[in-house]
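The structure appears below as structure tokens.
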Amino acid sequence: MRDTDADWRELGQSNPYWAVLSHPDFLAENITPERVDLFYASGEPYIDEVVAGLEKTTGARPSGRALDFGCGVGRLAEAMTRYADQVTGVDISPGMLAIARARGGAVTYADTVPAGPFDWINSFIVFQHIPPERGEQIVEELLGKLAAGGMVSLQITAWRDQNREWPKDDETVTGFFRKKIKGDRLLSLPVGHIHMYDYDLSRIVRLLNLAGIEEMRLIHTNHDGHHGAIILGRKTASASLS
């Protein structure tokens, strides 16, 4: 399995804004104070849309104690403070956390997820960069920290356009050996490479159901041919993950 944490530690040092929003304006060599302001301002309409979706789905807006998992430099965590009383942003990139902390504000930043419970857990364009085997474990751990009545807004990727599939030169290789070839290719890429992973949506829904999230709303996402969903829901019953 590729060490994606190492990739994001490197990106946090070399291209912290572009790694979050991959637009030329946010490359390290192009960044300006004005573009930094635009970068952070872009988080507000996204969070407003999420909150509107949660309200439509659950009849209430998120509040209380919130967690932004994979917060990066704090773009969404800052926007979440307009709704939540207390926001914690968690990321594994020291470079990104340093930038977020230097901005000050009401968000608390950490490199590990603190103890729950949380009334709102958010994650956007994060799990798509984490291998599913590990990502599912993280989702399960996060859901275990969700308070009764707590809300989730989690984005994952599930499928991709044909032109985003792996190269066809090993199409005759199947099963374990095809998987190994793909794994070897990933491991050979330099540190700092951004890779996309597809999740099995049914497995994620199972984890949500077992955590007591019985009603959900899915919003389609498409990041340059990589498709997925923002999953919105609320914990309405207590359940134990097993």
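The values are calculated or read from the model by the stated rules, or taken from the named source; none is laboratory data. Small disclaimer: the values here were computed from a predicted structure and weren't measured. Glycine gets a Cβ as well: all are built from the backbone with ideal geometry, and neighbour counts include every protein chain shown.
If only residues of the range 193-235 that are hydroxyl-bearing (Ser, Thr, Tyr) and surrounded by 13 or more Cβ atoms within 10 Å (Cβ to Cβ) are counted, the one that is modelled with the lowest pLDDT is 197. Screening the range 56-78 for residues that are under 23 Å from residue 135 (Cβ atoms) and among the aliphatic types (A, V, I, L, M) and picking the one that is surrounded by the fewest Cβ atoms within 10 Å (Cβ to Cβ) gives 66. State all residues of the range 41-72 that are of a type in the set (Ser, Thr, Tyr) and without any contact (Cβ under 8 Å) to a residue 60 or more places away in the chain; if no residue qualifies, say none. Matches in the range 41-72: 42, 63. Considering (1) buried (at least 18 other Cβ atoms within 10 Å of the Cβ); (2) outside any loop (DSSP other than H, G, I, E, B), the lone condition that residue 83 does not fulfil carries the number (2). For the range 99-115, the set of residues classified as hydrophobic (A, V, I, L, M, F, W, C) and either surrounded by fewer than 13 Cβ atoms within 10 Å (Cβ to Cβ) or in contact with a strand residue (DSSP E or B) (Cβ under 9 Å, 6 or more places away or on another chain) (or both) consists of 100, 102, 106, 107, 110, 113, 115, listed by residue number. Within the range 79-91, residues that are more than 20 Å from residue 129 (Cβ to Cβ) reach partners that are outside any loop (DSSP other than H, G, I, E, B) and among the hydroxyl-bearing types (Ser, Thr, Tyr) with beta carbons closer than 8 Å, at six or more positions or on different chains, in the pairs 79/46; 86/108; 87/108; 88/108; 88/109.
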